[in-house]
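To start, the structure under review is shown below, and the notes come after it.
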Amino acid sequence: QVQLVESGGGLVQPGGSLRLSCAASISIFNIYVMGWYRQAPGKQRELVARIFNDNSTNYGDSVKSRFTISRDNAKNTVYLQMNSLKPEDTAVYYCQGKRLGVNYWGQGTQVTVSS
């Protein structure tokens, strides 16, 4: 069993920045891939970014060059640095981890981009 706890969401103005954190209950060396997904009202959950245990990364097209995913193995934490935020980035952001073929999800953190 893997528990994931997100933090760092909130309200930010367009053009601003936020950093989300996802703390895992086990060593992230043992998690094949960790990622961030988001879901806006009335829309499907979509991939934002993910990082594999070899440090390779993938990004959703809408966030490339604005968001950066990273990991701190010593803290068992994955981060999502979000810059140049837009109103369309408003969503609940979920941390996801996959280990031994099982997907685990955090409870989600709200990000609202509005003036």
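The values are calculated or read from the model by the stated rules, or taken from the named source; none is laboratory data. Worth saying up front: this structure is predicted, and the values here are computed from it rather than measured. Counting neighbours? That spans all protein chains shown, and the Cβs are built from the backbone with ideal geometry, glycine included. Heads up: the accessible areas ignore ligands, DNA and RNA and are worked out on the full protein's heavy atoms, side chains in. Shrake-Rupley method; radii C 1.70, N 1.55, O 1.52, S 1.80 Å.
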Log entry, pairs with first residue in segment 94-115 being of a type in the set (Lys, Arg), second being part of a strand (DSSP E or B) and open to solvent by less than 40 Å² (accessible area, probe 1.4 Å), beta carbons closer than 7 Å, six or more apart or on different chains, reads LYS98/VAL33
Can you run down the residue pairs with Cβ atoms below 7 Å, 6 or more apart or on separate chains, where the first is in segment 16-38 and farther than 15 Å from ALA74 by Cβ and the partner is among the acidic types (Asp, Glu) and open to solvent by 40 Å² or more (accessible area, probe 1.4 Å)? TYR37/GLU46; ARG38/GLU46
Please pick out the residue among LEU47, LEU100, LEU80, LEU85 that is among the aliphatic types (A, V, I, L, M), touching a Leu at 6+ places or on another chain (Cβ under 8 Å) and over 16 Å from SER7 (Cβ atoms). LEU85
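When segment 63-91 is examined, which residues are found to be open to solvent by less than 70 Å² (accessible area, probe 1.4 Å), farther than 19 Å from GLN13 by Cβ and in contact (Cβ under 8 Å) with a residue 12 or more places away in the chain?
Keep residues of segment 63-91 that are open to solvent by less than 70 Å² (accessible area, probe 1.4 Å), which gives 63, 66-67, 69-73, 76-85, 89-91.
If we keep only those that are farther than 19 Å from GLN13 by Cβ too, we end up with 69-73, 76-79.
Listed by number, the residues that qualify are ILE69, SER70, ARG71, ASN73, ASN76, THR77, VAL78, TYR79.
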So which residues in segment 25-44 are modelled with pLDDT of 90 or more and either of a type in the set (A, V, I, L, M) or surrounded by 15 or more Cβ atoms within 10 Å (Cβ to Cβ) (or both), if there are any at all? VAL33, MET34, GLY35, TRP36, TYR37, ARG38, ALA40
Scanning segment 5-53 for residues that are assigned to a loop (DSSP other than H, G, I, E, B), more than 12 Å from the chain's Cα centre (by Cα) and small (Gly, Ala, Ser) gives GLY15, GLY16, SER17, SER25, SER27, ALA40, GLY42
